[in-house]
Amino acid sequence: MDLNVFIAVIFAAFLHATWNGMVKSHEDKYVAVASIVLGHVPASLIIIYFMPLPTLESLPYIITSAFIHQGYQWFLLTAYRYGDYTKVYPIARGSGPVIVTIVSLLFLGVILSGYELIGILIVSIGILSLSFQNSEALRNKKAIFFALLTGLFIGLYSMIDGYGARVSMSPLSYIGFSFILNALMFPFFLKFMDQPNITKRVFNKAKSLFIIGGTFSYIVYAIVVWGFTKAPIPLVSTLRETSIIFALLIGTFFLKERFTILKSISIFTIFVGVIFLKFF
């Protein structure tokens, strides 16, 4: 992987952890997730105005991506019904790169070196281990099930957007159109989850998350999708999930969460995986 892509995706991972910390600390996860989804719109409109339009060939990818994001958001919110954020999120994020890698190798003709495969596996194990640091998490079968489904949809939208961005010839505006369509669909989607008036609730309860979190989230994914056009999708997808390291540090120093030996082992494991991805 090119050094510039590597640094850009690591920076995106840091920003990802920042807005996720804001979501994590919000008491209403429906409002928090909706704030991010709706908060994509202002940044998307600005980018679309200044950047070239995506090609017509990328339109099916844009539409498919928006629908897959609906599934991702539904399964993530459903997982939060049954499990705590700290248990659900690492399973979802750790399983996504594995799914992307398996599908890419078996069906899309992607070729990765042995060291790269080892790196992906090590990073994913390190992330997943954060969810199973007590016996209670292992007993919560529903939370695990929906978190894994969330990971499946992370893998799906990563692959769709990776190839869609390449076809679009304009990755940033491609993401802008996909995010706007996703934002238009999401409030209607939430009505089926008994969450009416979500837009009003966002502006009453989460203005800062809408502005800051939504903007950061757009920047993060725009960088990642740009990275998809420059490097193999499984590698970029895996490197993006190193955001969990920054999330743990933010949780420790700003949210006053306890930092344990097991967490330090998980971080070290992820770090070793990153070394395999970049330097071997």
- Tally the residues that are at pLDDT below 85, under 18 Å from Ser35 (Cβ atoms) and among the charged types (D, E, K, R), restricting the search to segment 160-200. 1
- With respect to Glu257, is the statement that it is acidic (Asp, Glu) and closer than 16 Å to Ile127 by Cα true? no
- Could you figure out which of (1) more than 18 Å from the chain's Cα centre (by Cα); (2) among the charged types (D, E, K, R); (3) surrounded by 23 or more Cβ atoms within 10 Å (Cβ to Cβ) isn't true of Arg93? (1)
- From (1) closer than 18 Å to Arg93 by Cβ; (2) assigned to a helix (DSSP H, G or I), pick out the condition that doesn't hold for Trp226. (1)
- Item | Residues being free of Cβ contacts under 8 Å to residues at least 40 places away in the same chain and out of contact with any helix residue (DSSP H, G or I) (no Cβ under 9 Å at 6 or more places or on another chain) - total across segment 224-263 | 3
- Note on the structure: Pairs returned, first residue in segment 139-152 that is under 9 Å from Tyr82 (Cβ atoms), second residue that is surrounded by fewer than 20 Cβ atoms within 10 Å (Cβ to Cβ) and among the β-branched types (Val, Ile, Thr), beta-carbon separation under 9 angstrom, 6 or more apart or interchain, are Lys142/Thr78; Phe146/Thr78
- In segment 170-191, which residues are without any contact (Cβ under 8 Å) to a residue 12 or more places away in the chain and among the small types (Gly, Ala, Ser)? none
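Among Tyr89, Tyr49, Tyr30, Tyr61, which is more than 23 Å from Ile223 (Cβ to Cβ) and either not small (Gly, Ala, Ser) or not in a helix (DSSP H, G or I) (or both)?
That would be Tyr30, the only listed residue that is more than 23 Å from Ile223 (Cβ to Cβ) and either not small (Gly, Ala, Ser) or not in a helix (DSSP H, G or I) (or both).
Okay, residues lined up against (1) under 17 Å from the mean Cα position of the chain (by Cα); (2) farther than 21 Å from Val23 by Cβ:
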site	(1), (2)
Met169	no, yes
Leu209	yes, no
Val224	yes, no
Gly227	yes, yes
Glu241	yes, no
Phe271	no, yes
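The values are calculated or read from the model by the stated rules, or taken from the named source; none is laboratory data. Bear in mind that the values here come from a model prediction, so they are computed numbers and not experimental data. Reconstructed Cβ throughout: ideal geometry from the backbone, glycine too, with neighbour counts over all protein chains shown.
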